[in-house]
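Notes follow the structure.
The values are calculated or read from the model by the stated rules, or taken from the named source; none is laboratory data. Everything quoted here is computed from the prediction, not taken from an experiment. Glycine gets a Cβ as well: all are built from the backbone with ideal geometry, and neighbour counts include every protein chain shown. The accessibility values were calculated without ligands, DNA or RNA, using every heavy atom of the protein model including side chains. Shrake-Rupley method; radii C 1.70, N 1.55, O 1.52, S 1.80 Å.
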Amino acid sequence: MQLEEDIPEHNLHQGTSAIIIDYCSRYGGQEDGYLLEVLDANNLAFDVIAATASKIEVATANVSQR
């Protein structure tokens, strides 16, 4: 998945790749969130952050069946 927008408090920019580690549901009208492992340009993990659901874009894989 990728960040949908900049997260300045972590010095991360829109389009940065990450892996979802955990889903965090919220109650009382608060926005759900995710725990993310952020990847560098070589797709190696370099940080773990929490982000609200609106800040990420979940990529879907195109899988062909044979």
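Please list, by residue number, every one of the chymotrypsin sites (Phe, Trp or Tyr not before Pro) in segment 3-57 that is coil in DSSP and has at most 11 other beta-carbon atoms within 10 Å.
Working: sites: Tyr23, Tyr27, Tyr34, Phe46; in loops: Tyr27.
Those satisfying the criteria are Tyr27.
Evaluate the charge dipole of the chain about its Cα centre and quote only its size in Debye, nearest 20, assuming +1 on the Cβ of each Lys and Arg and -1 on the Cβ of each Asp and Glu. Could the numbers behind the result be given before it?
Numbers: 3 positive and 11 negative charges, 63 e Å.
Roughly 300 debye, rounded to the nearest 20.
Mind grabbing the accessible area of Ser17 for me, 1.4 Å probe, Å², rounded to tens?
40 Å²
Can you give the local net charge around Arg26? Use residues other than it whose beta-carbon is closer than 15 angstrom to its beta-carbon, Lys and Arg +1, Asp and Glu -1. Each step should come with its number before you reach the end.
Details: positive: Lys55; negative: Asp22, Glu31, Asp32.
Neighbourhood net charge equals -2.
Just from the alpha-carbon atoms, what are the Rg and Dmax of the chain in angstroms?
13.0, 45
In sequence order, what are the phi-derived ³J(HN,Hα) couplings for segment 15-32 according to the Karplus relation 6.51 cos²θ - 1.76 cosθ + 1.60 with θ = phi - 60°, rounded to whole Hz, with x for glycine and proline?
Once rounded to whole Hz, the list reads x, 4, 7, 7, 10, 6, 9, 7, 9, 10, 6, 10, 10, x, x, 7, 6, 5.
Taking amide H positions as placed 1.01 Å from N in the peptide plane, with prolines and chain starts having none, which residues 5 or more places from Thr16, or on another chain, fall under 5 Å of its amide H?
Leu3
Give, as a single signed number, the net charge of other residues whose beta carbon lies under 14 Å from the beta carbon of Glu5, with Lys and Arg counted +1 and Asp and Glu -1.
Numbers: positive: Lys55; negative: Glu4, Asp6, Glu9, Glu31, Glu57.
Its environment carries a net charge of -4.
Provide the net charge surrounding Gln14, with neighbours chosen by a C-beta distance below 12 Å and charges set as Lys +1, Arg +1, Asp -1, Glu -1. Walk me through the numbers before you get to the answer.
Working: positive: Lys55; negative: Glu4, Glu5, Asp6, Glu57.
So the environment of Gln14 carries a net charge of -3.
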